[in-house]
Structure formats: structure tokens, C-alpha cells
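Below you will find the structure I want to go over with you.
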Amino acid sequence: MTPQQLIDAYSQGFFPWPQGDEPISWYNPDPRFVLKFSDFHLSASLEKAIQKKPYEIRVDTCFCDVILACAESKRPEQDGTWIRQDVIKAYTQLHTQGFAHSIEAFLDNKLVGGLYGVSLGGVFFGESMFAKAPNASKVAFVYLVKQLKKWDFDFIDCQAYTKHLARFGATFWPRKVFLESLKRSLKKPTLKGPWRFEPV
């Protein structure tokens, strides 16, 4: 898997999901789980927690640490991790090229949560997140959403259903609608990294 293969795949609506030691599989599910910014919902409890500024949010300062932490995170619904060494290598190269990004939550100068994904045109393709402290990944995600709205992004591709993304307002889109929206959004210029933004 190469950075160019990833860019080509995302541009056509596909994303990788390796299974064990098998060759990499590419998915373009129908329906697709997507967060449109106008549908974004922030619960009162999480908003109150964020106002206390529990974490320092940084961007693109330790991408490798974030993807490794995502790979090591135990998930009840999964056996092992799909984030293999070849995946880590490809996305790290994509980050070096300015297309992959990490949003990081720090507590006492220690990485305790975050997420990473790929940015093309007006779309952010979310890949994985982790948390080692309460709400750490959720706080990082909220900061990302608010900044992407400022930058006039169109939506976040969440790929597959999760409960907490559904609580944020993500919904299922028919594949046809997703691909049409993706085609329009890719006409926007890609904001390459490293990203920098002020906490909001």
C-alpha cells in the first residue's frame, strides 16, 4: 500500500480495511456513515466538560504516536487491530506529504487521546481514534469539527457506524449520494499540512 494508492482510493470512495495477515481489502460500503456539519450535535454534558479545557489540543505534532496508540487500543467489537505495520508506514508517508493529519489531546504534556485521518478537497476521512483519559478523543474530535467548519469543509467521512459518532449527528448516506457529494467536494483545493489552528 502506497500513499498514492490511498489518495486514489479515497478519491473514488474506497478505504482500506486489512484483515489479519490477508492482502489489503478495499471497501466502499452502502450505506456510508457521514457527519455533515449542519447536523453536528454537541451534548450539554460534553460542552460543559470542554469549557473547563481539560486537555491541551495540538495538531500534527506527533502523528506516529497517535496512529500507534490507535493500533494498540483494545476495542470490544474487534479481535486485534487492522492498523498493521504496512498501514502505519503508508499513512505516515501520507502525513509527511501533507495529506494525513492527527489531532492530539495532551494532559500534563502527555498524549492521552486523539484521532487521525486524511484530508482531500473539502472532505476529512476519519480513520481511528483512541482515549486514555475521559472524553479525550471526543474533545479532540469536537475541536476538529469546529476548525473544519471554519475552513469550509463539507463533511467528515466516518465510514462505519459507531454509537458515539451517531451521538455527534453522523447519519447513513446512500452510496450514490455519498459519491456525488464526494465528487463535488474534491473540486475544492486540498489544505495540506502540517495543519495549525488555534483552540476554539
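Within the range 18-36, is there a residue that is in contact with a Ser or Thr (Cβ under 6 Å, 6 or more places away or on another chain) and aromatic (F, W, Y)?
no
Return yes when G121 is of a type in the set (G, A, S), modelled with pLDDT of 95 or more and at positive phi and no when it is not.
Judged against the criteria, G121 is a match.
Further question: Just one of the numbered conditions (1) modelled with pLDDT of 95 or more; (2) more than 21 Å from V112 (Cα to Cα); (3) surrounded by 14 or more Cβ atoms within 10 Å (Cβ to Cβ); (4) more than 15 Å from the chain's Cα centre (by Cα) is not true of I24; which one?
(1)
Answer yes or no as to whether L107 is more than 16 Å from P194 (Cβ to Cβ), in contact with an Asp or Glu (Cβ under 7 Å, 6 or more places away or on another chain), at pLDDT 95 or above and of a type in the set (A, V, I, L, M).
No, not satisfied.
Considering only the range 95-110, how many residues are surrounded by fewer than 22 Cβ atoms within 10 Å (Cβ to Cβ) and either of a type outside the set (S, T, N, Q) or touching a His at 6+ places or on another chain (Cβ under 7 Å) (or both)?
Residues in the range 95-110 being surrounded by fewer than 22 Cβ atoms within 10 Å (Cβ to Cβ) and either of a type outside the set (S, T, N, Q) or touching a His at 6+ places or on another chain (Cβ under 7 Å) (or both): 5 in total.
Moving on. For A131, which of the numbered conditions (1) of a type in the set (G, A, S); (2) within 19 Å of Y27 (Cα to Cα); (3) surrounded by fewer than 20 Cβ atoms within 10 Å (Cβ to Cβ) fails to hold?
(2)
Here is a further query. Take I156 and tell me if it is in contact with a strand residue (DSSP E or B) (Cβ under 9 Å, 6 or more places away or on another chain) and more than 19 Å from L186 (Cβ to Cβ).
The answer is no for I156.
Listed residues K132, K110, K150; which is of a type outside the set (G, A, S) and either at positive phi or without any contact (Cβ under 8 Å) to a residue 40 or more places away in the chain (or both)?
From the options K132, K110, K150, the qualifying one is K110.
The values are calculated or read from the model by the stated rules, or taken from the named source; none is laboratory data. Predicted model only: the values in this text are computed from it and were never measured. Note: ideal-geometry Cβ built from the backbone for every residue, glycine included; neighbour counts use all protein chains shown.
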